[in-house]
Amino acid sequence: MSKEAILTKWLKEEHPELSWTRTSGDTSATGLDSLYLNRGEGYEIRDLIYKYYQHCNLEFKASNFKITFEKIMKFKSGEKVKREDYLKYLINKNSKCNK
């Protein structure tokens with residue numbers, strides 16, 4: 001199972017409230033909306049976590065996913081946040097991250 005599949009499986013099992021409505025032909029948001037993360041969209045959360053774990057060379061495991069997911073949901077809760085700002089926030093919060 002790929003790392004992306006492991007992460008997707010965990011998100012679907014642990015957070016059934018997330019929307020997974022994208023079909024194989026769908027693309028990511030475009031224009032201004034593409035700058036911001038939709039915290040209710042499973043694919044967007046997965047892509048952010050995946051990118052962060054790849055950047056920081058983190059282990060793809062459930063206990064790590066749980067911590068990261070909670071950080072994403074708490075960061076500027078109730079505000080519209082750019083994807084890039086989430087990634088910077090996660091990287092800066094991780095002292096072990098290779099910058």
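Read-outs: derived from the displayed coordinates by stated rules, not from any lab. Bear in mind the structure is a predicted one, so any value in this text is a computation, not a measurement. So basically every Cβ, Gly included, is an ideal-geometry build from the backbone, and we count neighbours across all protein chains shown.
Here are the numbers:
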quantity	calculated
Computed over the range 39-93, the ratio Rg/Rh where both radii use C-alpha atoms and Rh is Kirkwood	0.92
Whole-Hz ³J(HN,Hα) from phi, Karplus 6.51 cos²θ - 1.76 cosθ + 1.60, for the range 6-21, glycine and proline x	4, 5, 4, 4, 4, 4, 5, 6, 8, 9, x, 6, 6, 7, 10, 7
Estimated [θ] at 222 nm from DSSP helical runs (n ≥ 4, -39500 (n - 2.57)) normalised by residues in the chain, nearest 500	-16000 deg cm²/dmol
Residue pairs, from the table LYS9/LYS82; LYS3/LYS74; LYS71/LYS96; LYS51/LYS71, whose Cα atoms sit over 19 Å apart	LYS9/LYS82; LYS3/LYS74
Charge context of SER77, other residues only, Cβ under 14 angstrom, K/R +1, D/E -1	+2
Rg/Rh (Cα only; Kirkwood hydrodynamic radius) as it applies to the chain	0.94
Net charge over other residues, Cβ less than 11 angstrom from the Cβ of ALA5 (K, R count +1; D, E count -1)	+3
